[in-house]
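The values are calculated or read from the model by the stated rules, or taken from the named source; none is laboratory data. Since this is a predicted model, take the numbers as computed values, not measurements. When we count neighbours, we look across all protein chains shown, and the Cβ atoms used for this are built from the backbone with ideal geometry, even at glycine.
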């Protein structure tokens, strides 16, 4: 090889190594390692391509000047090209390893954050359950208090009714006593009448005794007149004096007897008068006592009636207060129940939203990865996009199943079996490299449709990842498959990672047409992460809305 060619080759290698060293330094200092690493890789690939074109030009001129050493130079050139390719591949692998380690750290941080969020959500759920239990306890306590108050009110009503019964019994006793006093008054009245009759009889006896006394006095007066006549005749008739004296003695004895009888009658009359006076006084005292007792009984009856009216008023007030307290307690209980039900509904709604946000659901996703020759410069980014799709799908739905269809090599790869996302799923594309083949989206979509056709009742979608550089593609079978997918309501979303070889061209038009025909979206490396989040959340909403 000429000296100029070898010097150009050495400069190219030094420039590539310096560029890679600078890119790695910038990646270490930059606050956004992922974007800086991608930019450094893009810059390195562009410089390598430019150096490669310069080297090819230099090699061509050298071959023209040294026709005799053509075979040797070609072999050496091939060896150096292979060595350069290996160096480039080592640089790219080192950058890829660095990017993957940084991405792993970012993903670990994100997993930790998601685990913290899940723990906080579980804690919130436990707090909601505790709050529900507390509200249940408050409702039970309010119900028990209401029962106790109702029991106390019933006991108060019972005691009040017993007191009213006692007062009514006392009133009946007072009424019976009043009736008995009235009966006693009647008996006293009868006794008074009998005493009056006895007094009248005694008065008649006294009158009869007075009459007899008057008759005795008249008789005495007559005897005294006769005595005077006899005394006058004493002189005349001394013979008869002894007889008359004896008669006089006898008459004196009779007079004494009559006087003694009269004194006895007077004593009996005085005793009768005293008895009558005592009976009248006893009757008056008895009447006064009965009147006082009647007045007292009437006052007691009025007092009892007043107490009964007061008790009835108090009972009515207590009933009204009881009804008001029961009404207020029912209102408070209804408010507490409504508040509890509203909080329960809110908690249930939050729990349902949380359950919908984290609940697994049947979902099958086919990822088509383009590894054709045009993707050699962006293959690490395509693989990174593939891993991003797996991470986001797994974080959105833990039971999602995926299949991977790799196209663009000289030999077609069979689709991977449908599987739950695991470490092996992430490593499917690790050993895949570009062999310079041509992308085959028709094959990719046909295989994806065959896989998805087997899963009935699951959410289905296809995600294509490539550089968008589609050439020499027969669109007839491709768009026939797209129509079938659209009829089956399977959306095809495209993620375009431009390779930078066709600036200003419409190299992604075929991928855009595929997505538009099936109703999917087309996104680029700057926007596919947020778009994936929206697409996966929309799939979750559609599933739970349909169910």
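What the table below lists for this structure:
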{"quantity": "Residue list for the range 519-532, restricted to those being part of a helix (DSSP H, G or I) and within 17 Å of residue 468 (Cα to Cα)", "calculated": "528"}
{"quantity": "Selection count, the range 391-413, where residues are over 18 Å from residue 434 (Cα atoms) and either out of contact with any strand residue (DSSP E or B) (no Cβ under 7 Å at 6 or more places or on another chain) or surrounded by fewer than 19 Cβ atoms within 10 Å (Cβ to Cβ) (or both)", "calculated": "7"}
{"quantity": "Among residues of the range 351-397, those that are assigned to a helix (DSSP H, G or I), modelled with pLDDT of 90 or more, touching a helix residue (DSSP H, G or I) at 6+ places or on another chain (Cβ under 8 Å) and more than 21 Å from residue 412 (Cβ to Cβ), counted", "calculated": "13"}
{"quantity": "Test: residue in the range 269-285 that is over 30 Å from residue 213 (Cα atoms) and surrounded by 14 or more Cβ atoms within 10 Å (Cβ to Cβ)", "calculated": "yes"}
{"quantity": "Selected residue (criterion: nearest to residue 400 (Cα to Cα)) from residues of the range 418-436 that are out of contact with any helix residue (DSSP H, G or I) (no Cβ under 6 Å at 6 or more places or on another chain) and modelled with pLDDT under 90", "calculated": "430"}
